[in-house]
Amino acid sequence: MKKLTRREFMKYSGISGTVFLSKFVFPGSIPHVYAEPVKEKTLTAAFSRVDLGTGKPFVAWTYNSQVPGPEIRITEGEKARVLLKNNLREGTTIHWHGLPVPNRMDGVPYVTQKPVEPGGTFRYEFEAMPPGTYLYHSHASYQLDRGLYGAFIVEPKREARSYDREYVIMLEDWARIDGGGPEAARRGNIRPGMGVMGMGRGGGQQGAPLREPLYDAYTINGKVFGSSPPFKVRKGDKVRLRILNPSSSTVYTLRIAGHPLKITHTDGRPVIPAEVDALRIGMGERYDVELRANNPGRWHVYNIRDGSPAGGWPLGTLLYEGIQALTYKDDPITRYRISDYSQLEGVDEKYMRPVSSVDRIVRMTLSGGMMSPYWTINGRVYPDSDDLSLRQGERVRLEYSNMSMMAHPMHLHGHFFEVVGTGRTTGVRVKKDTITIPPHMGNVSVEFLADNPGVWFHHCHNLYHMEAGMANLVKVMPNLNNQGKR
Ligand code: C2O
Ligand code: CU
């Protein structure tokens with residue numbers, strides 16, 4: 001494979017703000033240094049004026065004045081050191097979404113740390129393990145939906161697959177109003193048919209949770225369709241796409257016209273490569289996919305809207321080098337394969353011990369959206385929640401059932417879980433940290449080894465559901481016999 005110069009890499013990754021925490025090794029290439037190792041990175045949370053490419057700027061809450069925040073890349077096993085500076089007017093934290101960090105580094109206000117007060121700082125430090133595609137974001141109230149998030153990528157020491165290029169694709173929902181989504185919701189600018197039926201406007205009484213705002217811009221890497229730079233490929237390229245959904249309340253069905261996508265990882269964990277035509281990706285989920293550039297043209301990257309791949313709303317562009325035509329090609333697809341957990345097969349990894357049997361089965365019934373503004377797990381509203389106390393080394397099955405009319409991407413902090421019903425052929429199940437439970441009696445179970453001591457947040461990654469109570473705590477007591485030690 002050809003080596004990339006640093007300039008080319010910057011161009012390909014479509015970002016100028018990549019933070020190199022250390023030397024960066026391009027997948028599959030001979031290691032060489034692109035930048036001086038940076039020992040510590042600072043992320044400053046502050047208000048900044050942003051323009052998503054619509055010519056209607058507004059004040060978002062940003063890390064280092066950009067949306068998304070700077071991408072952080074680091075090599076497996078290295079120490080991530082990030083200094084958070086808070087220039088906002090309220091407390092904040094950073095959560096390293098998907099990374100099984102030590103509990104005190106997990107960034108959940110009032111659960112793992114006190115929020116960092118305005119003017120204050122906090123130093124996060126943890127080993128970057130295991131390799132994969134992750135997110136970082138504020139975990140304080142609705143701040144994620146105001147713009148406080150970014151990609152966190154852990155490169156493996158040795159890349160198993162080689163690629164000609166790589167792009168990071170972050171899917172984000174925006175309300176273009178000062179303060180973003182929660183401010184739109186507060187003004188009663190809410191999505192029709194969402195949340196509480198027949199209830200009036202957004203904010204309501206003091207302290208009542210907000211309803212999902214009406215978003216008016218959907219971006220990839222902070223730019224709307226038409227102003228986001230196209231993802232450029234050359235015919236014959238094998239392209240890696242890291243697709244992340246840090247949106248606050250949008251589940252996407254993502255497709256790239258003219259191109260099937262081969263799923264290689266979900267939530268950072270490898271799977272046996274599986275080809276699909278569209279990816280269903282809930283909030284907080286990540287998929288790494290491989291795309292074969294063998295269909296030259298200008299193609300839409302788009303979100304399928306009504307179940308027909310023929311329609312949808314465009315988000316970005318895949319463009320082959322040498323294509324001058326400005327018109328987008330259309331493929332005649334009428335039937336398509338959409339990603340489905342149950343069709344995936346996992347891969348054994350040295351980082352994780354398989355969960356062979358379970359010690360405990362716990363039901364997690366998800367409801368809400370009907371009679372009250374609250375969303376619940378087992379009928380309870382966080383912090384008055386049905387928490388789970390475990391011993392380190394315990395193996396637990398969580399049985400989700402969704403009694404509501406909306407999908408809930410459920411996320412467990414500090415752990416990966418195995419998805420029951422996957423690995424049907426090989427017996428090796430898929431590991432994830434966020435899983436979307438479909439609406440209308442959707443049932444999905446996961447199993448995990450409680451191997452990371454601490455008090456962990458477990459919640460729906462629809463930010464508006466999380467803030468409306470759909471959360472509880474999973475408390476893992478350290479086991480002094482070293483059983484289940486990591
Ligand atoms: Cu991505 Cu509890 O968070
Ligand atoms: Cu939810």
(request) Return yes or no: is Pro70 closer than 24 Å to Ala217 by Cα, modelled with pLDDT of 95 or more and buried (at least 16 other Cβ atoms within 10 Å of the Cβ)? (result) yes
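Just wondering, is there one or more residues in the range 131-154 that are in contact (Cβ under 8 Å) with a residue 40 or more places away in the chain and open to solvent by 50 Å² or more (accessible area, probe 1.4 Å)?
Step one: of the range 131-154, the residues in contact (Cβ under 8 Å) with a residue 40 or more places away in the chain are 131-154.
Imposing the further condition that a residue be open to solvent by 50 Å² or more (accessible area, probe 1.4 Å) reduces the set to none.
So far as the range 131-154 goes, no, none of its residues is in contact (Cβ under 8 Å) with a residue 40 or more places away in the chain and open to solvent by 50 Å² or more (accessible area, probe 1.4 Å).
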(request) Would you check which residues across the range 305-321 are open to solvent by 10 Å² or more (accessible area, probe 1.4 Å) and aliphatic (A, V, I, L, M) and list them? (result) Ala310, Leu319
(request) Specify the residue that is nearest to Ala468 (Cα to Cα); the eligible residues are those in the range 211-224 that are in a loop (DSSP other than H, G, I, E, B) and open to solvent by 50 Å² or more (accessible area, probe 1.4 Å). (result) Leu214
(message) Out of the residues in the range 103-130 meeting the condition of being under 22 Å from the mean Cα position of the chain (by Cα) and away from ligand 1 (no atom under 16 Å from the Cβ), tell me which one is farthest from Asp348 (Cα to Cα).
(response) Glu125
(message) Within the range 384-413, take every residue that is out of contact with any Leu (no Cβ under 6 Å at 6 or more places or on another chain) and among the basic types (Lys, Arg) and give me the one that is surrounded by the most Cβ atoms within 10 Å (Cβ to Cβ).
(response) Arg397
(message) With the structure loaded, tell me whether Met364 is open to solvent by less than 80 Å² (accessible area, probe 1.4 Å), touching a residue at least 12 places away in the same chain (Cβ under 8 Å), out of contact with any Gly (no Cβ under 9 Å at 6 or more places or on another chain) and not hydroxyl-bearing (Ser, Thr, Tyr) or whether it fails that test.
(response) yes
(message) So, Lys79, is that one of a type in the set (Lys, Arg), closer than 15 Å to Gly150 by Cβ, in contact (Cβ under 8 Å) with a residue 24 or more places away in the chain and open to solvent by 20 Å² or more (accessible area, probe 1.4 Å) or not?
(response) no
(message) Residues to consider are Phe416, Phe448; find the one that is among the aromatic types (Phe, Trp, Tyr), closer than 27 Å to Glu467 by Cβ and either open to solvent by 20 Å² or more (accessible area, probe 1.4 Å) or free of Cβ contacts under 8 Å to residues at least 60 places away in the same chain (or both).
(response) Phe416
(message) Conditions first: (1) closer than 24 Å to Tyr252 by Cα; (2) open to solvent by 30 Å² or more (accessible area, probe 1.4 Å). Asn378 passes all but one, so which condition is the exception?
(response) (1)
(request) Specify the residue that is farthest from ligand 1 (Cβ to nearest atom); the eligible residues are those in the range 451-462 that are open to solvent by less than 10 Å² (accessible area, probe 1.4 Å) and touching a helix residue (DSSP H, G or I) at 6+ places or on another chain (Cβ under 6 Å). (result) Cys460
(request) For the range 460-475, state whether one or more residues are small (Gly, Ala, Ser) and in contact with a Leu (Cβ under 9 Å, 6 or more places away or on another chain). (result) yes
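One line per residue, one yes/no per condition, for (1) free of Cβ contacts under 8 Å to residues at least 60 places away in the same chain; (2) of a type outside the set (A, V, I, L, M):
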residue	(1), (2)
Pro230	no, yes
Arg234	no, yes
Leu241	no, no
Asn245	no, yes
Val251	no, no
His259	yes, yes
Val276	no, no
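The values are calculated or read from the model by the stated rules, or taken from the named source; none is laboratory data. Since the structure is predicted, the reported quantities are computational estimates derived from the model, not experimental observations. No Cβ is skipped: glycine too gets one built from the backbone with ideal geometry, and neighbour counts run over all protein chains shown. Ligands, DNA and RNA are excluded from the accessible area calculation, which covers all protein heavy atoms including side chains. Shrake-Rupley method; radii C 1.70, N 1.55, O 1.52, S 1.80 Å.
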